[in-house]
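Heads up: the structure comes next, in structure tokens.
The values are calculated or read from the model by the stated rules, or taken from the named source; none is laboratory data. In this text the structure is predicted, and so the values were computed from the model without any measurement. Cβ coordinates were reconstructed from backbone atoms using ideal geometry, including for glycine residues, and neighbour counts include every protein chain displayed.
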Amino acid sequence: MRERKESAKQSATKDDAEEAVNDFRVRSARRKREKMRARLMEAMLRVCAERQGLPTVIDEVTQEAKVSRGTFYNYFDSLEQLTEAIGTKLSDDLSEEALRLMPEISQGLLGTAAGIRLLLSRAAVDPVWGSFVVHSDFLNPDTTVGRLARQNLAEGHASAHFVFALYEVAIDVVLGSIREGVRRLLVGGIESDLYIYQLSIHILQALGVPHSAARSATEEVYTYFLRNAPGRLEWWPSSPARASKRT
């Protein structure tokens with residue numbers, strides 16, 4: 001009886017050891033796959049920034065990532081699938097950043113001003129990110145970013161802060177202006193913080209907000225970001241430049 005128990009105990013120990021080894025192999029393979037997937041995404045972003053547009057052939061990405069075409073196809077079926085995967089990841093990241101940074105900011109007027117500030121500030125700090133945003137569908141109305149913008153527009157309209165007849169026009173004003181704002185920031189030659197500040201005011205005015213209220217909301221969000229963003233956003237610069245002229 002004792003021998004049987006000892007044998008069963010040894011067998012269980014052996015099974016546990018084998019299970020641990022297999023579990024380690026699974027985790028290791030998963031990490032390796034995630035690492036290569038991220039490598040291809042980062043290569044795509046760099047190519048997009050360098051050529052000022054999305055790549056048209058897979059070789060552009062594989063050469064940048066220093067991998068074979070076969071490796072690429074182990075992870076993505078096409079450039080379109082890779083682009084979609086990047087857009088999804090960036091949207092998810094942005095949503096998490098918004099929740100982490102702005103839990104105290106209400107939807108509507110301030111939420112719209114904060115969204116404008118968040119997107120344009122990220123583009124000013126990270127041109128590679130901004131280049132992808134400009135040349136992809138990231139800022140389309142049906143994306144995560146577009147849905148968040150719609151929620152803020154609906155709340156702002158319900159509270160009478162925004163005045164517009166068609167949501168389609170309002171969403172195009174917001175997302176279209178942000179897209180062109182990102183493009184302008186990538187070109188350079190302007191004081192980015194002042195540009196973001198002024199563009200925010202003009203977008204809000206285009207939504208029917210009086211100038212004084214648009215300026216007040218933009219200023220409130222600007223101050224909020226200066227106070228909270230450095231500790232809540234990894235990419236936020238520790239000492240952002242302040243806008244020198246505001247009207």
(request) Would you confirm whether any residue within the stretch 109-128 is touching a Cys at 6+ places or on another chain (Cβ under 8 Å), under 26 Å from Ile190 (Cα atoms) and surrounded by fewer than 21 Cβ atoms within 10 Å (Cβ to Cβ)? (result) yes
(request) Could you tell me which of the residues Gly108, Gly115 is at positive phi and assigned by TED's automatic domain parsing to the domain that holds Asp92? (result) Gly108
(message) Every residue in the stretch 63-88 that is among the acidic types (Asp, Glu) and either in a loop (DSSP other than H, G, I, E, B) or free of Cβ contacts under 8 Å to residues at least 12 places away in the same chain (or both), please.
(response) Asp77, Glu80, Glu84
(message) So, Ser91, is that one assigned to a helix (DSSP H, G or I) and of a type in the set (Ser, Thr, Tyr) or not?
(response) yes
(request) Given the conditions (1) without any contact (Cβ under 8 Å) to a residue 12 or more places away in the chain; (2) more than 27 Å from Asp172 (Cβ to Cβ); (3) assigned by TED's automatic domain parsing to the domain that holds Leu153, report the number of the one that Asp93 does not fulfil. (result) (2)
(request) Any residue in the stretch 146-165 that's surrounded by fewer than 17 Cβ atoms within 10 Å (Cβ to Cβ): show its pairings with residues that are in a helix (DSSP H, G or I) at Cβ separation under 6 Å, as long as the two are six or more apart or on different chains. (result) Phe164/Ala170
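Would it be correct to say that Gly53 is in contact (Cβ under 8 Å) with a residue 40 or more places away in the chain, assigned by TED's automatic domain parsing to the domain that holds Phe132 and not hydrophobic (A, V, I, L, M, F, W, C)?
no
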(request) State whether one or more residues within the stretch 62-83 are of a type in the set (Phe, Trp, Tyr) and either within 17 Å of the chain's Cα centre (by Cα) or modelled with pLDDT under 90 (or both). (result) no
(request) Within the stretch 123-137, identify whether any single residue is free of Cβ contacts under 8 Å to residues at least 24 places away in the same chain and either farther than 24 Å from Ala158 by Cβ or in the same structural domain as Gln198 (by TED's automatic domain parsing) (or both), and answer yes or no. (result) no
(request) Take Ala154 and decide whether it is within 17 Å of Gly108 (Cα to Cα) and part of a loop (DSSP other than H, G, I, E, B). (result) no
(message) Please count how many residues of the stretch 193-232 are part of a loop (DSSP other than H, G, I, E, B) and either loosely packed, with under 15 Cβ neighbours inside 10 Å or outside the structural domain of Leu99 (by TED's automatic domain parsing) (or both).
(response) 1
(message) Quick test for you: out of Ala206, Ala229, pick the one residue that is modelled with pLDDT under 95 and aliphatic (A, V, I, L, M).
(response) Ala229
